[in-house]
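**Student:** The following block contains the structure, expressed as structure tokens.
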Amino acid sequence: MGDELWRLVFVNNGLKLTIEGSEVLPILKELAESGVHRLVCGTCLTHFNLQHKKQMGETINILEIVTSVQAEALFDSMEDVAAKYGLDLERLLTDLETAILAD
């Protein structure tokens, strides 16, 4: 994951940055073009009745948001383990996936 921006998650009032009329839409679209994933809370869109005004991003639910954050934390932990023991991270992840699929 590193220090590079790779994902933006818009929840609560933050999702208003993703709707028509938002002054930051051009910037968010540029980020998307550079590979940054944009996730928008669907429950929040419904709460604010803004589903029809969303201009960008993938609409997801809170479970998907939490899962994506947990997956990031797991990956960061695996990065730390690989660095600590001088292991190749890609090899470690491949071996882990092989072991999981074998069960």
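**Student:** Taking H as built 1.01 Å from N, whose amide H comes closer than 5 Å to the amide H of M56, not counting residues under 5 places away?
**Tutor:** none
**Student:** Figure the gain on full extension for V69 and E20 (residue separation times 0.36 nm, minus the Cα-Cα span) and round it to one decimal in nm.
**Tutor:** 14.9 nm
**Student:** Counting Lys and Arg as +1 and Asp and Glu as -1, what is the net charge of the other residues whose Cβ lies under 14 Å from the Cβ of K54?
**Tutor:** +2
Every number here is computed from the coordinates shown, using simple stated rules; none is lab data. Keep in mind that what you see is a predicted model, and the values were worked out from it rather than measured. A quick note on method: Cβ atoms are made from the backbone with ideal geometry, for glycine too, and the neighbour counts reach across all protein chains shown.
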